[in-house]
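Following: one structure in structure tokens, then a few remarks.
The values are calculated or read from the model by the stated rules, or taken from the named source; none is laboratory data. Keep in mind it's a predicted model, so treat the numbers as computed, not measured. When we count neighbours, we look across all protein chains shown, and the Cβ atoms used for this are built from the backbone with ideal geometry, even at glycine.
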């Protein structure tokens, strides 16, 4: 059960500021562990939507979540905003792996960091399809380093 | 089942901007009706905390919610921010009633509006206590008009 | 700011048991006020779906929420289940008003009670339409008393 | 980005049935990826509370979450219940790793599976402390196999 060290702001490429909510705090007075995944989801999908790639209501393909993980380094609490950083760390034919970091507005060391894997599927059957070229371009531009290719399966 | 008309920005005194989240959208593609209450809760409590009145972890009194309501006028969707406006509309010995309005960032007409009633209680027994003078002052300064007194019971 | 008295189990017609979740508890150690609305939503829509009326993905009409309210009488906490009771209290051409009560599994007096107003809309334009006959029948069978007609507007 | 195969019911030791909620479904009509973590949290903590070990309000130690992960194999939707299975897979001096599986009520193959790591901390300073003997006993009884010891660090 060894744990990775917290990343810093320089490890991320794209940013989103999100307000905490009263209901985010759980019985121990800190943001509940499940809320970080709401932030991950929001940072990733907002990027895809704002870049004109993902259309939730009628676009094709859509991106489904197949795996997520998070390590928690320091507690966060409502009120206050958090900055969510995102970097693409692996790109496959139909899949992409994002690294995400959550930072207090005044801090350079992540309070939490995790991963989030999206798979491109067609809307009707929800079967994997290749990423369209514009999506691939965005992913490549959202990486800190040359992207390693994902395993051939995905 | 007649419904009130949507309020406008001028009906509110204090403001808070809150980011929508992916998970806020429900199966119909719009922010779920329960999420508006998370925003109400956040706008009210953030004000109390940032004014130095409410200390969630150890302060006394705390404010408990005894009633809430909301009317929905127009749908909202992730992504995008909302502005939550707040005005105190009634002040009692131990209770306060807030009116709240939710606005799209680019709109003067509320997408939803509701009420939220707080009661001051002591931390240990959670029995009603009078609002301390600084709390009353904040409530009076957060009203658009002279406040009507609440019924003697509260 | 006078408050209604808590209803009892005999005031409700249909029931749903729902498990509380860890994240439901907020910083004061009790179920957050917004969660009760998740339970209302779930009790109402599960009834409509299980009766074969509402099809979330492709049915027509669908039912949108236009207003909700809740009064909180006694705190609830994770863990443990709650029973959510439902009764239809008003039926209009395109609208229906439900009363809802939340009970601890071992208690006859509601911990919270509220209202929830649904309007029938067509899926494509989301404009009000009359309730189909089978929906009206369900609503009439879910009332404790002869239903009063809603105002002509809805 | 290869993925583990879905576990089966026989891989888990303790069970909890949880009702889905309307708000769990997101814009794609399925339970949002963040909700599974609410179920993990609830299954783990309910076990600790019902066994008389964890007292949220005043007990010592408490258990904090330091890492979570989940793989999603098949979509789930409201309405309907899910069964959450739990097995302890690693036990350290102050840490424990649970494996969790989410099953549709009528299915033997997990729709999702993940891990959840708790660390024992004292309430006042939130510093790691050894698990009390009764906690260790519960963890050992909740494993499917002889437990491997965690790394010395935790």
Q: Could you check how many residues of region C:112-142 are more than 15 Å from residue C:15 (Cα to Cα) and out of contact with any helix residue (DSSP H, G or I) (no Cβ under 9 Å at 6 or more places or on another chain)?
A: 17
(Q) For region D:77-91, which positions are surrounded by fewer than 22 Cβ atoms within 10 Å (Cβ to Cβ) and out of contact with any helix residue (DSSP H, G or I) (no Cβ under 6 Å at 6 or more places or on another chain)? (A) D:77, D:80, D:81, D:83, D:87, D:89, D:90
Q.
Checking the structure you have, find out if any residue of region A:18-27 is more than 7 Å from every other protein chain (Cβ to nearest Cβ), touching a strand residue (DSSP E or B) at 6+ places or on another chain (Cβ under 7 Å) and crowded, with 24+ Cβ neighbours inside 10 Å.
A. yes
Q) Can residue C:123 be described as at pLDDT 95 or above and either surrounded by 15 or more Cβ atoms within 10 Å (Cβ to Cβ) or farther than 19 Å from residue C:7 by Cβ (or both)? A) no
(Q) more than 11 Å from every other protein chain (Cβ to nearest Cβ), more than 15 Å from the chain's Cα centre (by Cα), under 16 Å from residue A:98 (Cα atoms) and modelled with pLDDT of 95 or more: which single residue out of A:8, A:13 fits that description? (A) A:8
Q) For region B:50-76, what are the residues that are surrounded by fewer than 17 Cβ atoms within 10 Å (Cβ to Cβ) and in contact with a helix residue (DSSP H, G or I) (Cβ under 6 Å, 6 or more places away or on another chain)? A) B:51
Q: Write out, first by first residue and then by second, each pair whose Cβ atoms fall under 7 Å of each other, whose residues are 6+ apart or on separate chains, and whose first residue, in region B:117-140, is closer than 12 Å to residue B:92 by Cα while the second is part of a loop (DSSP other than H, G, I, E, B) and at pLDDT below 95.
A: B:117/C:1; B:119/B:154; B:140/B:147
Q: Run down B:66, B:82 and say which single residue is more than 30 Å from residue C:126 (Cβ to Cβ) and touching a residue at least 40 places away in the same chain (Cβ under 8 Å).
A: B:66
**Q.** Pairs where the first residue, in region A:30-52, is without any contact (Cβ under 8 Å) to a residue 40 or more places away in the chain and the second is surrounded by fewer than 24 Cβ atoms within 10 Å (Cβ to Cβ) and part of a helix (DSSP H, G or I), C-beta under 6 Å, 6+ apart
**A.** A:34/D:38
Q. Based on what the data block shows, is residue D:89 farther than 30 Å from residue C:15 by Cα and at the interface with another protein chain (Cβ under 7 Å from one of its Cβ atoms)?
A. no
Q. Which condition number in (1) surrounded by fewer than 23 Cβ atoms within 10 Å (Cβ to Cβ); (2) at pLDDT 95 or above; (3) within 14 Å of chain C (Cβ to nearest Cβ) is the one that residue B:32 fails?
A. (1)
Q.
Go through (1) within 30 Å of residue D:41 (Cα to Cα); (2) touching a helix residue (DSSP H, G or I) at 6+ places or on another chain (Cβ under 9 Å); (3) surrounded by 19 or more Cβ atoms within 10 Å (Cβ to Cβ) for residue C:108 and report which single condition fails.
A. (3)
Q. Is it true that residue C:41 is touching a strand residue (DSSP E or B) at 6+ places or on another chain (Cβ under 9 Å), surrounded by fewer than 18 Cβ atoms within 10 Å (Cβ to Cβ) and within 19 Å of residue C:123 (Cα to Cα)?
A. no
Q. Which condition breaks for residue B:95 when tested against (1) facing another protein chain (nearest Cβ under 9 Å); (2) farther than 30 Å from residue C:59 by Cα; (3) touching a residue at least 60 places away in the same chain (Cβ under 8 Å)?
A. (3)
(Q) Could you go through region C:118-139 and let me know if any residue there is on the phi > 0 side of the Ramachandran plot and more than 10 Å from chain B (Cβ to nearest Cβ). (A) no
Q.
Suppose we filter A:54, A:76, A:64 for residues that are touching a strand residue (DSSP E or B) at 6+ places or on another chain (Cβ under 9 Å), more than 7 Å from every other protein chain (Cβ to nearest Cβ) and within 15 Å of residue B:79 (Cβ to Cβ); which single one remains?
A. A:54
Q: Scan region B:103-117 for residues that are within 14 Å of chain C (Cβ to nearest Cβ) and either under 17 Å from residue B:142 (Cβ atoms) or out of contact with any strand residue (DSSP E or B) (no Cβ under 6 Å at 6 or more places or on another chain) (or both) and jot them down.
A: B:113, B:114, B:115, B:116, B:117
Q: Kindly provide the set of residues from region D:61-97 that are over 13 Å from the mean Cα position of the chain (by Cα) and closer than 28 Å to residue C:39 by Cα, ordered by number.
A: D:71, D:72, D:73, D:74, D:75, D:76, D:77, D:78, D:79, D:80, D:81, D:82
Q) Is there a residue in region A:132-143 that is within 18 Å of the chain's Cα centre (by Cα), under 30 Å from residue B:17 (Cα atoms) and surrounded by fewer than 14 Cβ atoms within 10 Å (Cβ to Cβ)? A) yes
